[in-house]
Amino acid sequence: MLQGKKTYLRPLAPDDIPIYQKWYNDQEVNYWANGAWPLSTMFNEEDIEERFFTPQKDSGRYIILNEEHEPIGTTGFRDINHPARSAVLFIIIGEKDYWGRGYGTDALKVLLDYLFYQWNLNRLSLDLWDGNLRALKAYEKLGFKTEGRLRQARFVLGEYHDAILMGLLREEYTSLILIEKNNPRG
């Protein structure tokens, strides 16, 4: 289990299928995570198991736990490019009581430390839709830089929105961590 200041990360387990089903069928969770509103489909337990719990090459999925070790979300990586030492990240805080309280940022920091220092990756990327400003600020706080936009790539509430592409290099992250250590008040 990986530990942060507020969160723990542990691998998925079959017992997580019902909580995954709850999160992925919640319209508000999907609205912020994917810009998907309303949902295009509802997932039953078999759909969740096939989509998220079948072992996939070059991916890792983790459950985010709070201080009491209760599941509050999921994070992980996919699309590893071994020669380039890069991967794509994702995160969803499925329990709405934990939104805007730093749990997602803490969980991503744990994952960044793991992938940069244990897996020896050099570059991590992610994307979000342009209406999710809370996520954008959290990613920027961790050092991610906007690298581009996919124009009108998301359709939300009858309107097209851009997808924002962000990336973070290991050297940028390491520099940010050193600055934080030397200036703990930020």
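Quick look at the numbers
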{"read-out": "Furthest towards positive pole of dipole, GLY100, GLY73, ALA87, structure part region 55-104, Cβ charges", "value": "ALA87"}
{"read-out": "Rounded to the nearest 20 debye, dipole of the chain from Cβ charges on Lys, Arg, Asp, Glu", "value": "840"}
{"read-out": "Cα shape, region 81-164, gyration tensor, a/c 1.5 rule", "value": "oblate"}
{"read-out": "Where GluC sites (Glu not before Pro) fall in DSSP loop in region 118-161, at most 15 other Cβ within 10 Å", "value": "none"}
{"read-out": "Ellipticity estimate at 222 nm from DSSP helix runs (n ≥ 4, -39,500 (n - 2.57)) divided over the chain, nearest 500", "value": "-9000 deg cm²/dmol"}
{"read-out": "For PHE155, distant residues with modelled amide H under 5 Å away", "value": "HIS161"}
{"read-out": "Integer Hz, Karplus 6.51/-1.76/1.60 couplings in order for region 139-147, x for Gly and Pro", "value": "5, 5, 4, 7, x, 5, 10, 5, 10"}
{"read-out": "At R0 = 45 Å, FRET efficiency that the Cβ-Cβ distance of ASP47 and ASN122 yields, to 0.05", "value": "0.85"}
{"read-out": "Residue-by-residue Karplus 3J(HN,Hα) for region 84-95, coefficients 6.51, -1.76, 1.60, Hz, glycine and proline x", "value": "8, 6, 9, 7, 10, 9, 8, 7, 9, 8, x, 8"}
{"read-out": "Per-residue ³J(HN,Hα) for region 77-82, Karplus 6.51 cos²θ - 1.76 cosθ + 1.60, θ = phi - 60°, Hz, x for Gly and Pro", "value": "9, 8, 6, 5, 10, 4"}
{"read-out": "Of all DSSP beta bridges in the chain, antiparallel share, percent nearest 5", "value": "90"}
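A short reminder: the numbers here are calculations on the coordinates, not readings from a lab. Note that the coordinates shown come from a computational prediction; the quantities given were computed from them, not determined experimentally. Neighbour counts run over all protein chains shown; Cβ positions are idealised from the backbone, glycine included.
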